[in-house]
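Participant: Below you will find the structure I want to go over with you.
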Amino acid sequence: MAEVTAQLVKELRDSTGAGLMDCKTALKETDGDMEKAVAYLRKKGLAAAAKKAGRIASEGVVVSYIHSNYRVGVLLEVNCETDFVAKTESFKEFAQDVAMQIAAMNPEYVRREDFDPVVLEKEKVIAREKAIADGKPEKILDRIVEGQITKLYSERVLLEQTFVKDDKKTIEVLLKELVAKVGENCQIRRFVRYELGEGLEKKADNFAAEVAAMAGA
């Protein structure tokens, strides 16, 4: 087994923000392999995040994001348990990234439980009727409808959208990583998105591509 030095522990702590003992344990469990140790901490942290989800989060921040062309703006509230965490760079950076996500991808709901049930039922009917019209067998209709609804969630539910700055993550994964890092329950509570001339007939702009390009995605 490779020696777990204080320098290795420090490097792992600096790169992940995890506690000293957690870093030491991770390095011991992975035979001093830094990359595997990071993965070990992430896995452990994401599992712990689920246990924190029931704790009260009444502190946090309200952040704003105005797109560079001044045509889209977002107000977002993100909560945590303590004022201390609310002031950390990790928490504030997360909130800004999510506000940018909302500007770019225009979600309608924070989580799938918020989805309008009337709209959801209509979408299920549409998906089933289309599958029937396409000649799909009866035995797979439910599976097709389920797939279409999952796709709908990934487009219109914030937590299930792909992160514009990293297409290997969803916003939900990003949130769980934040919880693992700061050690508190954190929640995206609500948002409002404004688009210039919304509701009026106008030229459609691809804000998702523009914001992603600015973010270096």
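Participant: Quote the Stokes-Einstein diffusion coefficient, in whole µm² s⁻¹, for the range 110-203, based on the Kirkwood radius over alpha carbon pairs, a temperature of 10 °C and a viscosity of 1.306 mPa s.
Facilitator: For these conditions, the coefficient is 99 µm²/s.
Participant: Let me ask you something else. What is the gain in length, in nm to one decimal, between Tyr70 and Glu198 on full extension, counting 0.36 nm per residue of separation less the C-alpha to C-alpha distance?
Facilitator: Between Tyr70 and Glu198, full extension yields 44.8 nm more.
Participant: Kindly put Tyr65, Tyr194, Tyr70, Tyr109 in sequence by how many other C-beta atoms sit within 10 Å of each C-beta, fewest to most.
Facilitator: With the fewest neighbours first, Tyr65, Tyr194, Tyr70, Tyr109 line up as Tyr70, Tyr194, Tyr109, Tyr65.
Participant: Taking 0.36 nm per intervening residue step and subtracting the Cα-Cα distance, what contour gain separates Asp33 from Val119 on full extension?
Facilitator: 26.0 nm
Participant: Okay, moving on. Rounded to the nearest 20 Debye, what is the dipole magnitude of the range 117-188 about its Cα centre when Lys and Arg each give +1 and Asp and Glu each give -1 at the C-beta?
Facilitator: 120 debye
Participant: Would you mind estimating how fast the range 52-141 diffuses translationally, via Stokes-Einstein at 10 °C and 1.306 mPa s with the Kirkwood radius over Cα pairs, in µm²/s?
Facilitator: 97 µm²/s
Participant: A further question follows. For Ser90, Ser58, what ranking results if the residue with the fewest other Cβ atoms within 10 Å of its Cβ goes first?
Facilitator: Ser58, Ser90
Taken together, the values in this text are just the output of simple stated rules run on the coordinates, not laboratory data. The model shown is predicted, which means the values in this text are computed figures rather than measured ones. A quick note on method: Cβ atoms are made from the backbone with ideal geometry, for glycine too, and the neighbour counts reach across all protein chains shown.
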